[in-house]
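Bear in mind these aren't lab numbers, they're just calculated from the coordinates by the rules spelled out. What you are looking at is a predicted structure, and each value in this text was computed from that prediction instead of being measured. So basically every Cβ, Gly included, is an ideal-geometry build from the backbone, and we count neighbours across all protein chains shown.
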Amino acid sequence: MGNLFELKCDGLVCPLPVAKTKRKLLEMESGDILEVSGDYAEAGQNIKNYIEKHSDKVLEFLIDGENYLIKIQKS
């Protein structure tokens with residue numbers, strides 16, 4: 001398994017969390033894991049939708065109220 005990276009998106013609404021996630025994934029190597037968290041559940045769902053339409057893999061997706069956590073493996 002690769003390196004673990006964290007991206008905190010608290011206080012951000014769309015499209016910023018998706019854009020920041022995309023930018024961070026471009027900096028990462030295949031096999032690396034990105035853990036994205038935030039406090040706007042709709043952004044978490046939008047990140048998940050973006051990842052599922054592209055070649056990276058969602059390993060975990062949790063929503064608790066407005067808080068979300070998504071783990072992504074870079075392809």
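Run down LEU16, LEU34, LEU7 and say which single residue is surrounded by fewer than 17 Cβ atoms within 10 Å (Cβ to Cβ) and hydrophobic (A, V, I, L, M, F, W, C).
Only one candidate passes the filter, namely LEU16.
How many of the residues in region 37-59 are of a type in the set (Gly, Ala, Ser) and surrounded by 17 or more Cβ atoms within 10 Å (Cβ to Cβ)?
Residues that pass the stated criteria total 4.
When you scan region 42-70, how many residues do you find that are in contact with a Leu (Cβ under 8 Å, 6 or more places away or on another chain), more than 14 Å from ASP10 (Cα to Cα) and part of a helix (DSSP H, G or I)?
Total satisfying the criteria: 0.
Out of all the residues in region 60-75, which are over 10 Å from the mean Cα position of the chain (by Cα) and either surrounded by 14 or more Cβ atoms within 10 Å (Cβ to Cβ) or closer than 17 Å to LYS24 by Cα (or both)?
The answer is ILE63, ASN67, LYS74, SER75.
Which residue pairs have Cβ atoms closer than 8 Å, lie 6 or more positions apart in sequence or on different chains, and pair a first residue in region 11-31 that is free of Cβ contacts under 8 Å to residues at least 60 places away in the same chain and within 13 Å of ILE70 (Cβ to Cβ) with a second residue that is of a type outside the set (A, V, I, L, M, F, W, C) and not in a helix (DSSP H, G or I)?
Partner pairs satisfying both residue conditions: PRO17/GLY38; PRO17/TYR40; LEU25/ASP56; LEU25/LYS74.
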